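Below: one structure, written as structure tokens.
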Amino acid sequence: MAEAQIPDTDWEPTIGPGMPEDFWDLHALPAATAIIARDNPGSAVSGVQTLMLRRDKGLRFAGDMWVFPGGRIEIEHDSSPTPVGTRTSSTSTDAADSSLSLRLQLEEASRHTAVRETAEEAGLQISPERLIRWSHWTAPPGTSRRFTTAFFLTTIGADHDAVTIDDGEIRDFQWLAPTEALEQHAAGELALTPPTFITLVQLVPFERTADLMSDALSRPMEHFASRFSFIGDRVIAMYHGDAGYELSNAEITGGRHRLSMGTRWTYERDTPAS
């Protein structure tokens, strides 16, 4: 796997709304995910459906969890590769240019990664040109296997059900309405990561894929750079706009943009996206 050097620069990724190439944290593992939606083909549950895949329980990352198709980004280089995490010596101007170049490479490569991983994990062929940037997620510093991940949205026809899992990393699949997935999660039947949970919450209002895609083209692109805290036995993941975000203190009063994780998970947001 060929990866890129991190320029010696003080650049920091944009938090909250912004341009996609500004979201890549060059000190994290780059990845891409495809949210694949279809119109509900006659189920009693209204709204769009999304493809959910269950990862093998023995996997180091997100084992036995239900996810969207996705995986690590690979960038091919003409020169000898150096692992991400290795800095290069350069002037500040050269470093800034190199940083921008790498982030643009990651943004371009992320589309092809989403396409490749969808084919490998689910046997579905999707077009990179039909992928719409939905969001970006970065785990907090200190997290084991810390990822910075581009989330893309695409749609397929309601009659397209030829999903073929690899039966290696992926052990099962379901087409679920977001409400179904969230209800199964609340019942302890379906394990989710925080980014998947919040993405499903975001998809709940949409009855048709046409409305979903229209919204995706007009909504602000957001970078969810998580910060964690605790209130009692509940884990609190905070995001941009939350009063406790800057100090990683969930008990600070004020605006709320957080996921509270205990026996039941609750996503709270009273701050605008832009």
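Checking each residue in region 231-274 for being in contact with a Lys or Arg (Cβ under 8 Å, 6 or more places away or on another chain) and among the aliphatic types (A, V, I, L, M) picks out ILE236, ALA237, MET238, ALA243, ALA250, MET261, ALA273. Pairing residues of region 250-274 that are over 25 Å from MET221 (Cβ atoms) with residues that are in a loop (DSSP other than H, G, I, E, B), at Cβ distances under 7 Å and at least 6 apart in sequence or on separate chains, gives ALA250/GLY244; GLU251/GLY244; ILE252/ALA243; ILE252/GLY244; THR253/ALA243; GLY262/ASP233. Please tell me if PHE224 is at pLDDT 95 or above, buried (at least 21 other Cβ atoms within 10 Å of the Cβ) and of a type outside the set (Val, Ile, Thr). It is true that PHE224 is at pLDDT 95 or above, buried (at least 21 other Cβ atoms within 10 Å of the Cβ) and of a type outside the set (Val, Ile, Thr). Answer yes or no as to whether ILE35 is at pLDDT 90 or above, β-branched (Val, Ile, Thr) and closer than 24 Å to HIS240 by Cβ. In short, yes.
If you go through region 245-258 one residue at a time, do you hit one that is buried (at least 17 other Cβ atoms within 10 Å of the Cβ), part of a strand (DSSP E or B) and not assigned by TED's automatic domain parsing to the domain that holds ASP64? Yes: region 245-258 contains one or more residues that are buried (at least 17 other Cβ atoms within 10 Å of the Cβ), part of a strand (DSSP E or B) and not assigned by TED's automatic domain parsing to the domain that holds ASP64. Looking at region 144-169, which of its residues are out of contact with any strand residue (DSSP E or B) (no Cβ under 9 Å at 6 or more places or on another chain) and within 30 Å of TYR239 (Cβ to Cβ)? Residue satisfying the conditions is SER144 alone. Determine, yes or no, whether ARG54 is modelled with pLDDT under 80 and among the basic types (Lys, Arg). Taking the combined requirement at face value, the residue does not satisfy it.
Considering region 63-89, and only residues there that are out of contact with any helix residue (DSSP H, G or I) (no Cβ under 8 Å at 6 or more places or on another chain) and under 16 Å from PRO30 (Cα atoms), the residue that is modelled with the highest pLDDT turns out to be GLU76.
For SER92, indicate whether it is among the polar types (S, T, N, Q), at pLDDT below 95 and in contact with a Pro (Cβ under 6 Å, 6 or more places away or on another chain). So SER92 does not fit the description; no.
The values are calculated or read from the model by the stated rules, or taken from the named source; none is laboratory data. Quick caveat: nothing in here was measured; it's all calculated off a predicted structure. With ideal geometry, Cβ positions are generated from the backbone for all residues, glycine too; neighbour counts draw on all protein chains shown.
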